[in-house]
Amino acid sequence: HNHCPSSPIYREKVRQLNERIATRYGKHPALVLWHVGNELQGECFCEHCISRFQDWLKIRYGTLDALNDAWWSGFWNHTLTDWSQVDPRDPSVDGMLLDWKRFVNVLHVEFLENDMAPLRQHSPPIPCTTNYMIADAPLLNYGEWSKTIDVISNDAYPNYYGSDAAGDDAEMINRAARFAFIHDLTRGMNQGQPWMLLE
């Protein structure tokens with residue numbers, strides 16, 4: 001993770017860069033797919049992200065009373081009396097952590113949509129993808145991402161090497177089953193259509 005997904009400056013720079021790339025290469029006969037981002041994930045706790053999270057919660061819950069009720073924040077004396085007290089870096093409020101993960105997912109979807117907008121404008125028939133990391137980023141809701149992405153792709157590194165290759169590793173079957181399940185999930189996110197193993 002090396003960027004703030006909600007930074008308006010970064011989003012604008014990404015959009016400008018993609019505008020220039022799409023203007024130059026969008027009609028090239030060899031172009032068959034745009035790949036945006038790379039293994040997008042992570043969270044940012046800058047003032048802008050926290051402020052956006054607080055605004056997102058206001059829309060989601062409407063009132064602090066509703067938020068306190070939903071988060072059961074009175075337990076262990078965590079009742080919030082002002083929106084500014086919401087700090088997702090506090091790991092002691094489970095409801096807040098769950099909503100923070102939901103919000104971070106929303107930021108990533110927004111980032112993808114911004115990233116793809118100029119590409120789709122200049123080359124509408126060319127699909128866009130980004131590589132998921134289903135095995136390594138289980139807290140992201142790739143099902144929501146899949147509503148935005150044209151072609152689903154995933155990265156998978158099952159690490160069959162050494163004794164694994166000879167079949168001596170007792171965990172090899174478990175590893176194979178886990179990645180088979182991940183591949184099934186990936187296909188399911190694409191409505192049963194083909195998907196790409198990008199890495």
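The values are calculated or read from the model by the stated rules, or taken from the named source; none is laboratory data. Computed from a prediction, not measured in an experiment: that's the story for all the values here. All Cβ positions, even for glycine, are placed from backbone atoms using ideal geometry, and neighbour counts span all protein chains on display. Quick note on the areas: whole protein, heavy atoms, side chains included, nothing else; ligands and nucleic acids left out. Shrake-Rupley method; radii C 1.70, N 1.55, O 1.52, S 1.80 Å.
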Legend entry - Label-point separation, Leu31 to Trp76 (7 Å along Cα→Cβ), nm: 5.1 nm
Inset, instruction - May I ask for the net charge around Cys46, where only other residues with Cβ less than 13 Å from the Cβ of Cys46 are counted and Lys, Arg are +1 while Asp, Glu are -1? - result: -1
Inset, instruction - Compute the Rg to Rh ratio over segment 1-91 from the alpha carbon atoms, using the Kirkwood formula for Rh, and round to two decimal places. - result: 1.19
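So if each residue of separation counts as 0.36 nm, and I subtract the Cα-Cα distance between Arg60 and Asn141, what length gain in nm does that give? Present the calculation step by step, with values, prior to reporting the outcome.
Values: separation 81, 0.36 × 81 = 29.16 nm, distance 1.79 nm.
That works out to 27.4 nm of additional length.
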Legend entry - Translational diffusion of the chain, µm² s⁻¹ [Kirkwood Rh, Cα pairs; Stokes-Einstein; 20 °C; 1.002 mPa s]: 111 µm²/s
Inset, instruction - Quick one: which residues, 5+ away or cross-chain, put their amide H under 5 Å from the amide H of Tyr132? H built at 1.01 Å from N. - result: Ser153, Asn154, Asp155
Inset, instruction - Find the relative contact order for the chain and round it to a whole percent, using C-alpha pairs within less than 8 Å whose residues are 6+ positions apart. - result: 25 percent
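Per residue, how much accessible area does segment 1-124 show when a 1.4 Å probe rolls over the protein heavy atoms, in square angstrom?
It amounts to 59 Å² per residue over segment 1-124.
Taking all protein chains in place and a 1.4 Å probe, what share, in percent, of the accessible surface of segment 83-133 do carbon and sulfur account for? List each step's numbers first, then the result.
On the way: 1100 of 1950 Å².
With neighbouring chains kept in place, the figure for segment 83-133 is 56 percent.
Rounded, prolate or oblate: which one fits segment 41-119, using the alpha carbon gyration tensor with axes a ≥ b ≥ c (rounded when a/c is under 1.5, else prolate when a/b beats b/c, else oblate)? Each step should come with its number before you reach the end.
Details: a/c = 2.52, a/b = 2.13, b/c = 1.18.
The shape class here is prolate.
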